[in-house]
Structure formats: C-alpha cells, structure tokens
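Any read-out appearing in this document is the output of simple, stated calculations on the displayed coordinates, not a laboratory observation. For clarity, every value in this text was computed on a predicted model and none was experimentally measured. Reconstructed Cβ throughout: ideal geometry from the backbone, glycine too, with neighbour counts over all protein chains shown.
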Amino acid sequence: MELQKIFGANVRHHRRAVGWTLEQLAGEVGVSRETIGKIERGISAPLFETVEKIATTLGVSPQVLLGAKSFPSGTRGETLRNINGILANMNDKQLVRTQKMLEALKGG
C-alpha cells in the first residue's frame, strides 16, 4: 500500500509539473480520468504496462514514479514521504507559500 501512495504522489507531482489535468494524462495513457484519480490518491495499483505508459507520457522513468532511492530509511525517510504526500495534494499557489515558509524556517 505504501508503494501505491508513493507512486500516486509522484504521478501527481509530475502531471502538475507539465501542467496537465487528470483528463489530459488519462487520454494520453489510454485510461479513464477516474483511474488516474485513484492512482494519484494511492487507492488503485496500476498494471506494470500502465506504469510504463504513465512514465513515458510524463517523460520520466518508472523508477522515478515508484520512488526508487527517493527517501532515506528510518524516521527521516518517513517524515520526507509524509511531507511529499502533503505537497502532492497542494495547488501551485499553496506550494509557493509553503516554499517561502520552509525557506524562512531554514533561515534563508
């Protein structure tokens, strides 16, 4: 289940980065909007063929979407995975505000 959530969050990040809607990605991949929505929410596990189609469509490797080597192990990795999930659900305006807040917390 954890892999589904990581995959879904990464799909959402990359889809939004290219400025596509759920419908646009679904059309390019050849699945329904509902399927992409379920994948992004981490409640549906796509077939390997679909993973490859999504990755190719978004211009990344399947390993990137699956979160390979994305986070360290332990508490730090778990915290980063949780933050990643929260960020994946934010719109662009919220992301910009969050970035500014993080920079202020970091001190620069």
| message | Only four residue types carry charge here, +1 at the Cβ of Lys and Arg and -1 at the Cβ of Asp and Glu. Report the dipole size of region 10-108 about the Cα centre in Debye, rounded to the nearest 20. | response | 400
| query | Residue farthest toward the positive end of the dipole of the chain, with Cβ of Lys/Arg at +1 and Asp/Glu at -1: which of LEU65, GLN24, ILE86? | reply | ILE86
| query | Where is the GNM fluctuation largest for the chain (alpha-carbon springs, 10 angstrom cutoff): LEU58, LEU22, LEU95? | reply | LEU95
| query | Within a Cβ distance under 15 Å of LEU95, other residues only, what is the Lys/Arg minus Asp/Glu net charge? | reply | +4
| task | Per residue of region 56-67, in order, report the coupling 6.51 cos²θ - 1.76 cosθ + 1.60 (Karplus, θ = phi - 60°) as ³J(HN,Hα) in whole Hz, putting x for Gly and Pro. | result | 4, 4, 8, x, 10, 7, x, 4, 4, 5, 7, x
| message | For Cα pairs less than 8 Å apart in space and 6+ apart in sequence, what is the mean separation divided by the residue count of the chain, i.e. the relative contact order in percent? | response | 31
| Folded to 0 to 90 degrees: helix 92-106 orientation relative to the chain principal axis, Cα | 30
| Which entries in LYS53/LYS100; LYS53/LYS106; LYS5/LYS100 show an alpha-carbon gap greater than 30 Å? | LYS53/LYS100; LYS53/LYS106
| Over 19 Å [Cα-Cα, region 2-106], rounded percent | 43
